[in-house]
Amino acid sequence: MQVDVLCVGHASYDLIFSVPHHPTEDEKIFADSLISCGGGPAANAAVMVSRLGLKSAFAGYLGQDLYGDKHAQEFAEYDVNTQLIARGPSPTPLSTILVKPDGKRALINYKGDTQALPSNAVDFSSVKPKVILFDGHEPHLSVPLAEHARRDHIPSVLDAGSLHEGTLALINKVDYLVCSEKFARQFAGDVEAALTRLSETAPAVVVTLGEKGLLWRRGKKHGGAMPAFPVAAIDTTGAGDAFHGAFAAGVALDMEWLELLRYASAAGALCCTKIGARLGIPSREEHYTWLEQHKDLHV
Ligand code: ADP
């Protein structure tokens with residue numbers, strides 16, 4: 001199986017209710033709208049890659065239940081390869097999100113007894129990816145795969161959203177370490193200190209800073225900042241997932257460094273212009289048009 005980007009990690013299902021206010025005890029309220037769609041950092045990134053016109057595959061877990069079926073069906077509709085998904089009796093992780101008109105959220109996550117997959121749950125021998133993206137979930141699959149990737153000179157990207165065992169185990173095994181501001185602060189107290197320390201473990205480090213854009217470092221000598229693209233943001237959920245997917249796609253396309261950062265930043269920015277992480281993922285046309293219209297920005 002030839003793919004441009006293999007995304008390994010978390011898949012969930014999101015039920016996003018727009019509500020006038022968050023309910024209190026014994027209160028029954030009506031939602032104004034309901035968006036239901038697949039979620040999860042690596043799963044969203046796989047959809048982003050596919051939307052950009054590249055071949056992607058997702059490896060991770062989905063339950064043999066309604067939400068697992070729905071997510072698998074969505075992957076197929078977005079042309080994401082599903083052969084490396086392990087299905088089982090434990091539930092598909094489900095998020096119920098109640099969004100108020102001011103954008104504030106209340107969340108209920110349910111994953112029942114769902115555990116990280118064991119290392120033999122997915123057979124990667126048939127897949128030949130140009131790039132592998134990890135989100136730090138599924139560490140038993142990811143750590144040996146990252147070690148293989150390094151031996152086989154397959155570039156790898158880590159989306160480090162928060163500091164936990166899974167992300168920590170991968171920071172010195174990937175070529176591109178793309179972390180959130182939250183991860184950077186948890187890791188080293190502040191972003192500059194994190195950039196310095198992380199650039200000793202990974203050849204390229206990016207810290208994304210939401211509407212403030214990003215900072216990057218390559219080795220001891222090279223580093224810089226890139227502002228975010230100006231968009232009318234209405235929901236920033238999923239910006240990071242879109243950014244990471246486009247970043248991995250850009251690596252597969254062998255982009256020059258600053259072009260790669262622009263390519264990923266545009267995907268992150270466009271994702272903020274629609275409600276819902278998955279539904280905010282821009283199409284190839286939207287992304288291309290935006291970059292063309294903003295040719296002179298961040299070059
Ligand atoms: P994460 O969700 O992983 O914390 P960020 O919120 O840092 O990720 O967003 C990733 C990237 O998406 C940013 O570096 C930026 O380029 C883009 N982005 C995020 N929020 C905005 C915004 N409000 N306006 C424009 N671009 C944004």
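The values are calculated or read from the model by the stated rules, or taken from the named source; none is laboratory data. Computed from a predicted model, the values in this text were never measured in an experiment. Note that we place each Cβ from the backbone using ideal geometry, even for glycine, and neighbour counts take in every protein chain shown. Quick note on the areas: whole protein, heavy atoms, side chains included, nothing else; ligands and nucleic acids left out. Shrake-Rupley method; radii C 1.70, N 1.55, O 1.52, S 1.80 Å.
Here the Karplus curve 6.51 cos²θ - 1.76 cosθ + 1.60, taken at θ = phi - 60°, turns the phi angles of region 280-296 into couplings of x, 5, x, 7, 4, 5, 4, 5, 4, 4, 4, 5, 5, 5, 10, 3, 8 Hz, with x standing for Gly and Pro.
P(r) tail, region 42-191: Cα-Cα pairs separated by more than 19 Å, 60% of all pairs. Computed from backbone phi with θ = phi - 60° and the Karplus coefficients 6.51, -1.76 and 1.60, the 3J(HN,Hα) list for region 129-142 is x, 7, 9, 10, 10, 10, 10, x, 7, 6, x, 5, 7, 6 Hz; x is used for glycine and proline. For region 11-75, GluC sites (Glu not before Pro) are listed when DSSP marks them as loop and at most 13 other Cβ atoms sit within 10 Å of their Cβ; the list is GLU25, GLU27.
Springs between alpha-carbon atoms under 10 Å, Gaussian network over the chain: tell me which of PRO282, PRO129, PRO118 tops the mean-square fluctuations. Taking springs between Cα atoms under 10 Å, the residue moving most is PRO118.
Less than 5 angstrom separates the built amide H of CYS179 from those of ALA160, VAL206, VAL207, THR208, all sequence-distant by 5 or more or on a different chain.
Could you check which residue among VAL231, VAL207, VAL47 shows the biggest mean-square fluctuation in a GNM of the chain with a 10 Å Cα cutoff? Of the options given, VAL231 has the highest mean-square fluctuation. In percent, rounded to a whole number, the relative contact order of region 2-293 is 17, using alpha-carbon pairs under 8 Å and six or more apart.
Beta bridges assigned by DSSP with both partners in region 2-293 are antiparallel in approximately 40 percent of cases.
Probe radius 1.4 Å, ligands and nucleic acids ignored: give me the carbon and sulfur share of the accessible area of the chain as a rounded percent. Could the numbers behind the result be given before it?
Details: 7310 of 13950 Å².
With neighbouring chains kept in place, the figure for the chain is 52 percent.
Working from Cα pairs under 8 Å separated by at least six residues, relative contact order for region 1-139 is 35 percent.
For every other residue with a beta carbon closer than 12 angstrom to the beta carbon of GLY161, add +1 if it is Lys or Arg and -1 if Asp or Glu, then tell me the sum.
Working: positive: LYS182; negative: ASP135, ASP159, GLU181, ASP241.
So the environment of GLY161 carries a net charge of -3.
For the chain, the spread of Cα positions along the three principal axes, ordered from largest to smallest, is 59, 44, 39 Å. Note on the chain: with charges restricted to the Cβ of Lys and Arg (+1) and Asp and Glu (-1), its dipole about the Cα centre is near 640 debye. The translational diffusion coefficient of region 45-131, from Stokes-Einstein at 25 °C and 0.890 mPa s with a Kirkwood hydrodynamic radius over alpha carbon pairs, comes to 167 µm²/s. Of all the options GLU138, GLU211, GLU285, the one that moves most in a Gaussian network model of the chain with Cα springs shorter than 10 angstrom is GLU285.
Per-residue surface analysis assigns ILE234 an accessible area of about 110 Å², computed on protein heavy atoms at 1.4 Å probe radius.
Per residue, the chain exposes 47 Å² of solvent-accessible protein surface, assessed with a 1.4 angstrom probe and all protein chains in place. For the cross-link pairs LYS182/LYS220; LYS173/LYS212; LYS70/LYS111; LYS70/LYS173, the ones whose C-alpha atoms lie over 26 Å apart are LYS173/LYS212; LYS70/LYS173.
Divide by every residue of the chain the summed helix terms, -39500 (n - 2.57) for each DSSP H run of at least 4, and state the resulting mean residue ellipticity at 222 nm, rounded to the nearest 500 deg cm²/dmol.
-9500 deg cm²/dmol
So for region 155-265: antiparallel DSSP bridges make up what percent, rounded to the nearest 5? Counting only bridges with both partners in region 155-265, antiparallel ones make up about 55 percent.
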